[in-house]
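Participant: Quick one: the structure is below, and I'll ask about it shortly.
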Amino acid sequence: MLPKVILSPACLWMATITDSAETASESIELALPWLRVGPGEITHPVVRNRDIERLAETGRFPAENHFTEILAATGLASLVDPKTLATAVSRYLATAKSFEEETGIEDAIFSNVEILPSLSSNFDNVSRVDIEESLCSAGLAKFRYNKTMHYASCRSGPISHNFRVECDIDAVQDKSGIEYDCGRLSTELVVLTKPDNFINALNAAEVWQMAEDSAELEIAIELQARSLVALNGSVGVPPFRVGTEFMGAIRRAQAAGSGQFSSVTLSRCAQVLIAPGSANARPFRTSSSANAEARIRERDGATAMRSHITGGHAALRLMYWQHQCGLIEFSTVRSKFDTEIDEGDALFERKW
């Protein structure tokens, strides 16, 4: 499972009266891409219900009234339309999943909060409390409930690539009830200022081991392949897809999760993309004869290919289809004695 991204409440109110025109303009520019990420995309951030409530409590909702005031105060009224900003917020909130739904944490109370880098130079007092609460909530999900969270921010400033979050957890309410005096929270959160940064913040091996579907396998392969690009002088990762039967196949072959052949299978997929020569990739023929023709898939003319993953008794092979357009479609992992390759269903557009 990929990390969830929790949206900073600053991405909903974008700017404050005390902001300079430069700061407000930058925050708006960074916030809008987060609000425009579609609900079906992997980087679509969740939002705390409490943050939505605070929008109304602090006069930041209805959004158009808030943005009209902010843009007038920062001198940006001639450059940005408040209705456009309000529409972006409304559309996001209409499709956003809640932090509470994703984590099972209904509410929490924090005290003695310490955030590094400090937020004091970035926000006024009211805004800083909102940010601290959302950071502590994300930290709680990671620290106590093993829900890995990244933090979507619209403020660059002194913010580094992570936040250090420490606080006392005075109470937590989840599905099991309310628990008091839950100890000290101490954790680190990855900070993302752009949705495009999400993929680069991931670790290929971890994504592969935790993958729950084909899209997550594709991300792991992409990351692993990128690490080989510079070493092999390649210009980039060629187009590829994971076939519809691949996930089940690697699970059966102990090549997924914490399986014995998981790591080497991921590495071989990347090698097939970036350095097929070193992967000893060869056509998968219609018979055992060296002169036999390569297998061709009737529906699209793709050529069946194979590459050994392991030797010895297990002797696993990575099987894939080479499309005429250059696209590689990973099909299955089977024993070298197996004479079949999965046809797979027609592929659809990826969501990342």
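The values are calculated or read from the model by the stated rules, or taken from the named source; none is laboratory data. Predicted model, so just to flag it, every value in this text is computed and none were measured. So basically every Cβ, Gly included, is an ideal-geometry build from the backbone, and we count neighbours across all protein chains shown.
Participant: Of the numbered conditions (1) under 20 Å from Ile341 (Cα atoms); (2) outside any helix (DSSP H, G or I), Gln260 fails exactly one; give the number of that condition.
Facilitator: Looking at each condition in turn, Gln260 falls short on (1).
Participant: Answer yes if at least one residue in the range 77-94 is farther than 26 Å from Val37 by Cβ and either under 26 Å from the mean Cα position of the chain (by Cα) or small (Gly, Ala, Ser) (or both), and no otherwise.
Facilitator: Checking the range 77-94: at least one residue is farther than 26 Å from Val37 by Cβ and either under 26 Å from the mean Cα position of the chain (by Cα) or small (Gly, Ala, Ser) (or both).
Participant: Then there's this: Which one of the conditions (1) surrounded by fewer than 20 Cβ atoms within 10 Å (Cβ to Cβ); (2) under 25 Å from the mean Cα position of the chain (by Cα) does Val37 fail to meet, given that it meets all the rest?
Facilitator: In the conditions (1) surrounded by fewer than 20 Cβ atoms within 10 Å (Cβ to Cβ); (2) under 25 Å from the mean Cα position of the chain (by Cα), Val37 misses (1) alone.
Participant: On to the next question. I'd like to check which strands (runs of 3 or more DSSP E) are fully inside the range 147-254 and have at least 3 residues that are charged (D, E, K, R) and on the phi < 0 side of the Ramachandran plot.
Facilitator: Answer list for the range 147-254: 162-174.
Participant: Which numbered condition in (1) in contact (Cβ under 8 Å) with a residue 12 or more places away in the chain; (2) over 24 Å from Gly311 (Cα atoms); (3) not hydrophobic (A, V, I, L, M, F, W, C) is the only one that Gln271 fails?
Facilitator: Here Gln271 meets the rest and fails (2).
Participant: Let me confirm something: among Ser227, Ser186, which residue is among the small types (Gly, Ala, Ser), closer than 30 Å to Leu119 by Cβ, exposed (fewer than 14 other Cβ atoms within 10 Å of the Cβ) and touching a residue at least 40 places away in the same chain (Cβ under 8 Å)?
Facilitator: Ser186
Participant: Can you tell me which residues in the range 182-217 are in contact with an Asp or Glu (Cβ under 7 Å, 6 or more places away or on another chain) and more than 17 Å from Glu41 (Cβ to Cβ)?
Facilitator: If the condition is that a residue be in contact with an Asp or Glu (Cβ under 7 Å, 6 or more places away or on another chain) and more than 17 Å from Glu41 (Cβ to Cβ), then Arg184, Leu185, Ser186 are the ones that fit.
Participant: Of all residues in the range 68-84, count the ones that are closer than 14 Å to Glu26 by Cα and buried (at least 16 other Cβ atoms within 10 Å of the Cβ).
Facilitator: Of the residues in that region, 5 qualify.
Participant: Mind counting the residues in the range 255-294 that are modelled with pLDDT under 95, within 19 Å of Leu316 (Cα to Cα) and of a type in the set (D, E, K, R)?
Facilitator: 2
Participant: Right, here's the next one. Within the range 184-202, count every residue that is under 12 Å from the mean Cα position of the chain (by Cα), at pLDDT 90 or above and farther than 16 Å from Lys4 by Cβ.
Facilitator: Count: 1.
Participant: Listed residues Glu114, Glu102, Glu133, Glu106; which is surrounded by fewer than 19 Cβ atoms within 10 Å (Cβ to Cβ) and part of a helix (DSSP H, G or I)?
Facilitator: Glu102
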